[in-house]
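The values are calculated or read from the model by the stated rules, or taken from the named source; none is laboratory data. None of these values were measured; they are calculated from a predicted model. Positions of Cβ are backbone-derived with ideal geometry, glycine not excepted, and every protein chain shown enters the neighbour counts.
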Amino acid sequence: MKKHKKELLSDLFRHWCGEEITFINSLPESGSNRDYFRLKSMHHSAIGVYNADNRENKAFIYLSEHLRKSDVNVPGLFEVNLDKNIYLQEDLGDVTLFNWLEENNFIGKSTHEVKDIYKRVITEMPKFQIRAATNLDFSVSYPRAAFDYQSMMWDLNYFKHYFLKLAGIRFDEQYLEEDFKHLASFLTEADSDYFLFRDFQSRNIMLKNNELFFIDYQGGRKGALHYDLASLLFESKTALPFDLKEEMREFYISKIAEIIPSFKSQNFLKYYFGFVLIRIMQAMGAYGYRGYFERKTMFLRSIPQAINDLEWILSNVKFPVELPELTKCYQSICNSSGLREIANEDKILTVYINSFSYKKGIPPDYSEHGGGYVFDCRALPNPGRYEEYQNLTGLDRPVIQFLEKEERVTDFLDTIFHLIENSLKIYQQRGFTRLSINFGCTGGQHRSVYSAEKTKQFIENNVGVKVIINHRELEHKEQ
């Protein structure tokens, strides 16, 4: 199916720019069900998107055009084919706000640089929240026209089913449902005649030529101002210090007051932490679904910081409405040593080594960063051309002896070892947690398997980090 998507997007790309493709590559998977590809020709580049949800595509296309008219920096649309669920959009590069924070070692810090960039982001927010809300047809919004009572109840039940239950937090179902209804009813009292981005977080803010761009607003709808600010400031992965969260909230209030003469900060603050809570719960539901249910453990790393946020709110915020059962759940979460320690293993640098066949494609990287090394073993001598080795693999002694005798193989691996050793030292110094190394050959049976095993031995003997190895084609044969 992936090949089919690539072919569809390749045809669309050629139709758009009139040039042959020189490069097409899948982008790392995100939390959505959309498939992203980078396509390049001699003079053009674009991001190709395949999304089977046609309604979501229509919402994105409409919002893209409307937001651009409102002077919001969003990716341009180059070509669209809704019948085939594909479109091409502007390639904004690879640097997100999160990347920038991480690369500069700013995660969890309150430096002048961090303050400056968050002030720039916050200054842009009224463009889409207020200006773009004018004349916007919210009936196109997906999956719902507004972040209303029903939307809130969906998010709260998402938190209940995919976090509380999967994490083993005990609660009274009826009492919790009553608190959910009470919270949702309270928040619907807030003024909600604005555009709500919905997933306004650091990975959806791009930096290109020192300009800010905003992506992934498919779920945008009518809503209150508070939610997007809560999404930005209480994002677990950025771990902004609480004093910075407070400072940026006050800066946002000052910016909104400049635009809306009738704006009252005390009225905004009345509802603000309710929206913070519902955003944290939505995020924790997502962490549980992706981490516990889909077994993508990288999503579990954000849970401890979300717990820190909850704990701070419980200690510092007097909430206007009583939520006794929900508060008990929060206290149980904060008191859970298991949840606080859940991501510790992921903080250790782990190297994932794969062998594969190029006939079946390069293994996807499901980490949030993507990247890593891919080494092509097809220029090495091939034992598979000889009958006595055809039913053996790179794990078998005769194949190992065959390849060990070849000087080209030794030189190939020595070069790789030097490259990897340098990378691992830097990764350890910077606190990175994952490196993927892929070895491919024609059948994924001999040369790639041997190279992967030798690399595993080298890393374990010389660097001493955790290594997980996977021989994809051999495992498929055994199934």
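Return yes when ALA257 is in a helix (DSSP H, G or I), of a type in the set (A, V, I, L, M, F, W, C) and either surrounded by fewer than 17 Cβ atoms within 10 Å (Cβ to Cβ) or without any contact (Cβ under 8 Å) to a residue 40 or more places away in the chain (or both) and no when it is not. Criteria met by ALA257.
Going by what's in this entry, would THR134 be described as in a loop (DSSP other than H, G, I, E, B) and of a type in the set (Ser, Thr, Tyr)? Yes; evaluated as a whole, the condition is true for this residue.
The rows are residues; the columns are (1) closer than 24 Å to ILE253 by Cα; (2) modelled with pLDDT of 95 or more; (3) under 20 Å from the mean Cα position of the chain (by Cα).
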site	(1), (2), (3)
HIS43	no, yes, no
ILE61	no, yes, no
LEU67	yes, yes, no
LEU92	no, yes, yes
ILE122	yes, yes, no
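Could you check, for region 341-349, whether at least one of its residues is part of a helix (DSSP H, G or I) and under 27 Å from LYS181 (Cα atoms)?
no
Filter region 210-230 for residues that are over 14 Å from the mean Cα position of the chain (by Cα), closer than 24 Å to LEU300 by Cα and not aromatic (Phe, Trp, Tyr) and give the result. Those that are over 14 Å from the mean Cα position of the chain (by Cα), closer than 24 Å to LEU300 by Cα and not aromatic (Phe, Trp, Tyr): GLY219, ASP228, LEU229, ALA230.
From the list THR327, THR415, THR410, THR350, the one residue that fits, being surrounded by fewer than 19 Cβ atoms within 10 Å (Cβ to Cβ) and in contact with a Lys or Arg (Cβ under 6 Å, 6 or more places away or on another chain), is THR350.
Put simply, of VAL140, VAL114 the only residue that is buried (at least 18 other Cβ atoms within 10 Å of the Cβ), β-branched (Val, Ile, Thr), over 30 Å from GLN331 (Cα atoms) and assigned by TED's automatic domain parsing to the domain that holds LEU240 is VAL114. Taken residue by residue, region 94-112 has no member that is outside any loop (DSSP other than H, G, I, E, B), among the small types (Gly, Ala, Ser) and more than 15 Å from ILE215 (Cβ to Cβ). Candidates LEU269, LEU244, LEU310: the one that is part of a helix (DSSP H, G or I), under 20 Å from THR188 (Cβ atoms) and at pLDDT 95 or above is LEU269.
Would you call GLN401 polar (S, T, N, Q), over 33 Å from the mean Cα position of the chain (by Cα), loosely packed, with under 13 Cβ neighbours inside 10 Å and farther than 25 Å from PRO363 by Cβ? In short, yes.
Within region 137-163, if we keep just the residues that are charged (D, E, K, R) and not in a helix (DSSP H, G or I), the residue that is nearest to the chain's Cα centre (by Cα) turns out to be ARG144.
Would you call LEU63 of a type in the set (A, V, I, L, M), in contact (Cβ under 8 Å) with a residue 40 or more places away in the chain and over 17 Å from ILE205 (Cα atoms)? Here the answer is no, as LEU63 does not meet what is asked. Checked against (1) part of a loop (DSSP other than H, G, I, E, B); (2) among the aliphatic types (A, V, I, L, M); (3) within 28 Å of the chain's Cα centre (by Cα), VAL321 passes all but condition (3).
Of all residues in region 267-281, those satisfying the criterion of being surrounded by fewer than 23 Cβ atoms within 10 Å (Cβ to Cβ) and either of a type in the set (Lys, Arg) or more than 12 Å from ILE313 (Cα to Cα) (or both) are ASN267, PHE268, LEU269, LYS270, TYR271. Within region 42-60, if we keep just the residues that are touching a residue at least 40 places away in the same chain (Cβ under 8 Å), more than 13 Å from TYR217 (Cα to Cα) and in contact with a strand residue (DSSP E or B) (Cβ under 9 Å, 6 or more places away or on another chain), the residue that is surrounded by the fewest Cβ atoms within 10 Å (Cβ to Cβ) turns out to be SER45. Scanning region 1-30 for residues that are among the small types (Gly, Ala, Ser) and buried (at least 16 other Cβ atoms within 10 Å of the Cβ), we see that the one that is modelled with the highest pLDDT is SER10. Determine, yes or no, whether SER302 is surrounded by fewer than 16 Cβ atoms within 10 Å (Cβ to Cβ), at negative phi and of a type in the set (Ser, Thr, Tyr). Criteria not met by SER302. The set of residues in region 374-421 that are in contact with a helix residue (DSSP H, G or I) (Cβ under 7 Å, 6 or more places away or on another chain), of a type in the set (Phe, Trp, Tyr), touching a residue at least 24 places away in the same chain (Cβ under 8 Å) and within 16 Å of LYS454 (Cβ to Cβ) comprises PHE375, PHE417. Meeting the requirement of 3 or more residues that are in the same structural domain as LEU27 (by TED's automatic domain parsing) and either of a type in the set (Val, Ile, Thr) or crowded, with 19+ Cβ neighbours inside 10 Å (or both), no strands (runs of 3 or more DSSP E) wholly within region 164-232 can be named. You will find that of LEU225, LEU240, the residue that is within 19 Å of LEU97 (Cα to Cα) and of a type in the set (A, V, I, L, M) is LEU240 and no other.
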